[in-house]
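Working notes for the structure below.
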Amino acid sequence: MTATSSFSELKLPEEIQQALIDLKYSEQTLTQQESLPALLSGQDVAVKAKTGSGKTLAFGITLFNSMIEAHRNGHTGLYAMVLCPTRELAQQVAEQLRLLAKHYANTKILTLVGGVPIGAQVSSLVHTPSIVVGTPGRMMDLISRKHLDVSTMQSLVLDEADRMLDMGFSDQVDWILNGLPKKRQTMLFSATFGGAIEKITKQYLKQAKIVEVEENQAHASITQLAYQIQDNRTEYAVAGLLSHYQPQSAMVFCQTKHETQALADELAHMGFIVQAIHGDLAQSDRQQVLAQFALQTCNVLVATDVAARGLDLEQVDLVINSSLADSSDIHTHRIGRTGRAEKTGTAITLIFEHQKNALSKIEEDTKSHIPVKHIQAIRFHANRIVFPTHECVLVAGGKKQKISKGDILGALTKQAEIAGSDIGKMLITRDKSYIAVKQRSVKRALGYFRENKVKGKSLRARRLK
Ligand code: ADP
Ligand code: MG
């Protein structure tokens, strides 16, 4: 398919174009080029494309484009629903949509996810939102208790549909979809296209246009290797690889929640600054883990495929598959965490002797070469661990308290007189601020928050471990 590559050629409403300019998005990604013509025509579309290819913006633009037109024709009430497999993903999607909506005042976007009290969501629904983004369970609760009226809905997005099914949401998704108005646009996004995805595509999308984004050359910037390991001491192999390759940041994939936590615990025991992310973590813990990784105050993240899927993490230098992925798609997905956006990266897969055929299959499917090496040469050296350069200071105040990055930077550099170069990245959430501070200035930063107010408020601060 030939397509335009600049957004300006899409004839989008002024409000969207301006938001894209603000966001400094000028060229479309390949996925956007291939999917937007069909999406913008209003038909049902199923898009298969890898993570990080810009799917959120593709459906975001589509939603706003048709919603703005619907509003001009008098539409009121809920316009669109986006279903996501996890809370973080729902939050990331809502954030991206809010940025796109910046120049279109007539938008209220609500995030409706589990793990937070339903009461606050119920009261926020008193003022009808135009777009809801959430997880299937909570969405179903709110619809069935009649807090969320879907009768005016005209647009539905199933984001990361494969993960949604893998996570066991298929009954909830069925229930929700069966209760939606028939006249609507349905957009499905998935990194893989298995039988179950084909089935929901057939069942719920009308004459769906299928867009499969070719991934040739996609991994040209990733160097792949496999190491054959002999026994079950995966943790020593992983520790060895981390101390040998010395990445600034790394992601390690595991199959199960249990393996993920156990491996992270082992690596922490060996001295790495490491965190685990998997489905058993409480919402607030997950947010903390992701914040620390985003700030690079933790530089090794051990994750299950499910927990990692869809998260918009920055690129890492090294991906380690602590065991071989079950499918080529999952393998591709994992290694795609490195080598993004014109950077290069390394992806290493640990395999057992009996998995050589399975590895060859992945090489064949992904048209890549993965040389197998012996792990004996790789030894763990504690003195070769790469530590983060900054530590994380957590402040108990965020956007709700009107705290901005500028406020914090100003307070810490001007009043607390910490060198600007000692303050790293910051992340401000609704009610928390995470600040990366060089170790030597952490005490001073904590002291500052103890003794001073920011924006007129005393804010508790502590070092996050
Ligand atoms: P996916 O849903 O396909 O995994 P995302 O929608 O999360 O991918 O996008 C990945 C990243 O790429 C995001 O940080 C997003 O802001 C960025 N991005 C999306 N589209 C563009 C674009 N056209 N130009 C530059 N960056 C983009
Ligand atoms: Mg996505």
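The values are calculated or read from the model by the stated rules, or taken from the named source; none is laboratory data. Only a predicted model underlies this, so the values are computations on that prediction, with no experimental measurement involved. With ideal geometry, Cβ positions are generated from the backbone for all residues, glycine too; neighbour counts draw on all protein chains shown. When the accessible area is computed, the model is the full protein with side chains, heavy atoms only, and any ligands, DNA or RNA have been set aside. Shrake-Rupley method; radii C 1.70, N 1.55, O 1.52, S 1.80 Å.
3J(HN,Hα) along segment 189-199, derived from phi through the Karplus expression 6.51 cos²θ - 1.76 cosθ + 1.60 where θ = phi - 60°, amounts to 10, 7, 7, 10, 10, x, x, 5, 5, 4, 5 Hz, with x in place of Gly and Pro.
Under the Kirkwood approximation for Rh and a Cα-based Rg, what ratio Rg/Rh is obtained for segment 217-384?
Working: Rg = 14.8 Å, Rh = 15.9 Å.
Taking Rg over the Kirkwood Rh, I get 0.93.
Overall, the accessible surface of the chain at a probe of 1.4 angstrom is composed of carbon and sulfur to the extent of 49 percent. Full extension of the chain between residue 430 and residue 108 yields a length gain of 114.2 nm, computed as 0.36 nm times the residue separation minus the alpha carbon distance.
Using the Cβ-Cβ distance between residue 124 and residue 203 with R0 set to 22 Å, the FRET efficiency works out to roughly 0.10. Per-residue packing, averaged as other Cβ atoms within 10 Å, sorts the ranges 368-376, 288-296 into the order 288-296, 368-376, beginning with the highest. If you take the square roots of the eigenvalues of the alpha-carbon gyration tensor of the chain and sort them as a ≥ b ≥ c, do you get rounded (a/c under 1.5), prolate (a/b over b/c) or oblate? In terms of gyration-tensor shape, oblate. Projecting label points 7 angstrom from Cα along Cα→Cβ for residue 196 and residue 314 puts them 3.4 nm apart.
Gain in length, residue 149 to residue 26, computed as 0.36 nm per residue apart minus the alpha-carbon separation, to one decimal in nm?
On the way: separation 123, 0.36 × 123 = 44.28 nm, distance 3.65 nm.
Result: 40.6 nm gained on full extension.
Karplus couplings for segment 372-387 from phi (6.51 cos²θ - 1.76 cosθ + 1.60, θ = phi - 60°), rounded to Hz, Gly and Pro as x? Going residue by residue, I get 9, 10, 9, 6, 3, 6, 9, 10, 7, 10, 4, 7, 10, 5, 8, 9 Hz, with x marking Gly and Pro.
Using a cutoff of 8 angstrom between alpha carbon atoms and counting only pairs six or more residues apart, the relative contact order for segment 229-317 works out to 37 percent.
Extension gain, residue 71 to residue 280, is 71.1 nm, computed as 0.36 nm per intervening residue step minus the present C-alpha separation. In sequence order, segment 7-17 has phi-based couplings of 5, 5, 7, 8, 6, 8, x, 3, 4, 6, 4 Hz under the Karplus curve 6.51 cos²θ - 1.76 cosθ + 1.60, θ = phi - 60°, and Gly or Pro positions carry x. Rolling a 1.4 angstrom probe over the protein heavy atoms with all chains in place gives segment 390-464 an accessible area of 55 Å² per residue. Put the Cα centre of segment 249-264 next to the Cα centre of segment 11-36 and the gap is 36 Å. For the cross-link pairs 48/146; 50/183; 24/50, the ones whose C-alpha atoms lie over 25 Å apart are 48/146; 50/183.
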